[in-house]
């Protein structure tokens, strides 16, 4: 039996009460204890003081005033850049991609890290596309054995199963098995996908999980990292440091530009806007080589554009919204319909206690709900106690689980959305979004690097950017108006060295 306690997402920007600190390496134990006091903390790498995440009521300024604190920031929240709606798979069925496939289709020797919601490797087009090694380096520095699939950063297991769908879709664009008479082909027909589940089943994650995912990927040989998520607001300096480390160690980081039609010259979107040599930010193109209507842009920020409209990929299955069975809440709860709803909120509204509307109540203890299991489900709702949308992940619920909607009452909840997931090994969907564009560039980068693994990170970056096809109508949206063009990118990489001719006397 699993007991689930609700995590309320107060803001899409920060996780309340969680502060990340990077400390001076010379800090003494006494100074450390004075700084942290009674607060609970956890090291990112288990065995070191820095960086650490602290559960605290102190302000950032209180920490920043300490001479041994180099960086103090919130544990920032990121959201998956989930694609929009579908049509045809034009971006792979074209002459340009066929020319690069004439040279290379196998990326199996190059680990590709997908930092996302996980990947379902039991899908028919991904079952032979996963990373595997006899040993790997764990986050605490120890050596693990029989490593495969990747890592779930939420429970530290090598089971990065996806109940959202985004990560599985992205992985299939990069590396769905090709020429197997099933489903779709990825850009790489053979691949070694390392799945890092850094976003939860609602498509949300934070600095801690993402930084740990980057560290695991790079320390275990991933040469290309795909990050199809983002956030606006303050720069995440802790993540920037980790991505800079990845770049210095020779890894290419590919990020999505975002899907809100925003000029990123004016409003930064992270990690896309980080100024890191080995990082590429990608916007979306339609099949006419026009910038997609939803794509963020910025000729100072967005490095490339790539196909991102109406592409098909692997899906985890059907996700449907189902009605709530109000009977499971029991007799002490009441469902208010329009005629008896005393609150200026949409009906139906679930309240506790049942005489919620009849008088004012002092704080009351809320009963747990015995939620039926055996379904893969995600629950979202709003309440009178918290801003924004509250969420409960029910995917681990077996026979039943005990669910707490809040710590105490009186409580009113509304806008219930219960999503059931019917898992499938052969389901496909078509989507649009800059996530797709970044995955497309990830796949092309993997093909180019597999063509000659001796190429440096600089060679690869030049092939992608300088070897892109330039469009005048993109000049004010994308750096140099560049769009990924697989055959052109390959030709740039293959370009012979300059030949000097001399005339004999």
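The values are calculated or read from the model by the stated rules, or taken from the named source; none is laboratory data. None of these values were measured; they are calculated from a predicted model. Counting neighbours? That spans all protein chains shown, and the Cβs are built from the backbone with ideal geometry, glycine included.
Of the residues 229, 154, which single one is outside the structural domain of residue 46 (by TED's automatic domain parsing), surrounded by fewer than 24 Cβ atoms within 10 Å (Cβ to Cβ), in contact with a helix residue (DSSP H, G or I) (Cβ under 9 Å, 6 or more places away or on another chain) and under 26 Å from residue 50 (Cα atoms)?
Values: 229 fails: surrounded by fewer than 24 Cβ atoms within 10 Å (Cβ to Cβ).
Among 229, 154, only 154 is outside the structural domain of residue 46 (by TED's automatic domain parsing), surrounded by fewer than 24 Cβ atoms within 10 Å (Cβ to Cβ), in contact with a helix residue (DSSP H, G or I) (Cβ under 9 Å, 6 or more places away or on another chain) and under 26 Å from residue 50 (Cα atoms).
If a residue has to be in contact with a strand residue (DSSP E or B) (Cβ under 8 Å, 6 or more places away or on another chain) and at pLDDT 90 or above to count, how many in region 449-465 make the cut? I'd like the intermediate steps shown before the answer.
Taking region 449-465 and keeping what is in contact with a strand residue (DSSP E or B) (Cβ under 8 Å, 6 or more places away or on another chain), we get 449-450, 453, 457, 460-461, 464-465.
Next, only the ones that are at pLDDT 90 or above stay: 449-450, 457, 460-461, 464-465.
The qualifying residues number 7.
Assuming residue 171 fulfils every condition listed in (1) touching a strand residue (DSSP E or B) at 6+ places or on another chain (Cβ under 6 Å); (2) closer than 29 Å to residue 51 by Cα; (3) at pLDDT 95 or above apart from one, which condition is it?
Of everything listed in (1) touching a strand residue (DSSP E or B) at 6+ places or on another chain (Cβ under 6 Å); (2) closer than 29 Å to residue 51 by Cα; (3) at pLDDT 95 or above, residue 171 misses just condition (2).
Tell me whether region 427-446 contains one or more residues that are surrounded by fewer than 15 Cβ atoms within 10 Å (Cβ to Cβ), out of contact with any helix residue (DSSP H, G or I) (no Cβ under 6 Å at 6 or more places or on another chain) and either in contact (Cβ under 8 Å) with a residue 24 or more places away in the chain or more than 30 Å from residue 98 (Cβ to Cβ) (or both).
Within region 427-446 (the criterion being surrounded by fewer than 15 Cβ atoms within 10 Å (Cβ to Cβ), out of contact with any helix residue (DSSP H, G or I) (no Cβ under 6 Å at 6 or more places or on another chain) and either in contact (Cβ under 8 Å) with a residue 24 or more places away in the chain or more than 30 Å from residue 98 (Cβ to Cβ) (or both)), the answer is no, since none of the residues qualifies.
Taking strands (runs of 3 or more DSSP E) that do not extend beyond region 23-110, which have at least 2 residues that are surrounded by fewer than 19 Cβ atoms within 10 Å (Cβ to Cβ), modelled with pLDDT under 95 and more than 26 Å from the chain's Cα centre (by Cα)?
Ranges flagged: none.
Looking at region 389-408, is at least one residue surrounded by fewer than 21 Cβ atoms within 10 Å (Cβ to Cβ), in contact (Cβ under 8 Å) with a residue 12 or more places away in the chain, assigned to a loop (DSSP other than H, G, I, E, B) and outside the structural domain of residue 324 (by TED's automatic domain parsing)?
Step one: list which residues in region 389-408 are surrounded by fewer than 21 Cβ atoms within 10 Å (Cβ to Cβ), which gives 389, 391, 393, 395-396, 398-404, 406-408.
Imposing the further condition that a residue be in contact (Cβ under 8 Å) with a residue 12 or more places away in the chain reduces the set to 389, 391, 393, 395-396, 398-404, 406-408.
Now restrict to residues that are assigned to a loop (DSSP other than H, G, I, E, B): 389, 395-396, 398-399, 406-408.
Now narrow it down to the ones that are outside the structural domain of residue 324 (by TED's automatic domain parsing): none.
For region 389-408, residues surrounded by fewer than 21 Cβ atoms within 10 Å (Cβ to Cβ), in contact (Cβ under 8 Å) with a residue 12 or more places away in the chain, assigned to a loop (DSSP other than H, G, I, E, B) and outside the structural domain of residue 324 (by TED's automatic domain parsing): absent.
Is there a residue in region 135-154 that is within 19 Å of residue 317 (Cα to Cα) and in a loop (DSSP other than H, G, I, E, B)?
Within region 135-154, the first condition is being within 19 Å of residue 317 (Cα to Cα), and the residues that meet it are none.
Looking for residues that are within 19 Å of residue 317 (Cα to Cα) and in a loop (DSSP other than H, G, I, E, B), one finds none in region 135-154, hence no.
Residue 418: in the same structural domain as residue 194 (by TED's automatic domain parsing) and in contact (Cβ under 8 Å) with a residue 24 or more places away in the chain, yes or no? Before the answer, list the steps.
Working: in the same structural domain as residue 194 (by TED's automatic domain parsing): no; in contact (Cβ under 8 Å) with a residue 24 or more places away in the chain: yes.
When the stated conditions are applied, residue 418 does not pass them.
Would you pick out the residues in region 164-208 that are assigned to a loop (DSSP other than H, G, I, E, B) and farther than 24 Å from residue 443 by Cβ? Outline the logic, then answer.
Residues of region 164-208 assigned to a loop (DSSP other than H, G, I, E, B): 164-165, 176-189, 198-203.
Correct list: 200, 201, 202.
Of all strands (runs of 3 or more DSSP E) completely enclosed by region 220-339, which ones contain at least 2 residues that are touching a residue at least 40 places away in the same chain (Cβ under 8 Å), in contact with a strand residue (DSSP E or B) (Cβ under 6 Å, 6 or more places away or on another chain) and under 30 Å from residue 148 (Cβ atoms)?
Of the strands (runs of 3 or more DSSP E) lying wholly inside region 220-339, those with at least 2 residues that are touching a residue at least 40 places away in the same chain (Cβ under 8 Å), in contact with a strand residue (DSSP E or B) (Cβ under 6 Å, 6 or more places away or on another chain) and under 30 Å from residue 148 (Cβ atoms) span 224-227, 229-232, 252-256, 279-285, 311-322.
If you check residue 352 against the conditions, is it surrounded by 12 or more Cβ atoms within 10 Å (Cβ to Cβ) and either closer than 14 Å to residue 413 by Cα or free of Cβ contacts under 8 Å to residues at least 60 places away in the same chain (or both)? Show your work before the answer.
Working: surrounded by 12 or more Cβ atoms within 10 Å (Cβ to Cβ): yes; either closer than 14 Å to residue 413 by Cα or free of Cβ contacts under 8 Å to residues at least 60 places away in the same chain (or both): yes.
Answer is yes for this residue.
For the structure I just gave you, tell me whether residue 213 is over 27 Å from residue 49 (Cα atoms) and assigned to a helix (DSSP H, G or I).
Values: over 27 Å from residue 49 (Cα atoms): no; assigned to a helix (DSSP H, G or I): yes.
Answer is no for this residue.
For residue 118, indicate whether it is outside any helix (DSSP H, G or I), more than 16 Å from residue 436 (Cβ to Cβ) and assigned by TED's automatic domain parsing to the domain that holds residue 444. Can you show your working first?
Numbers: outside any helix (DSSP H, G or I): yes; more than 16 Å from residue 436 (Cβ to Cβ): yes; assigned by TED's automatic domain parsing to the domain that holds residue 444: yes.
In short, yes.
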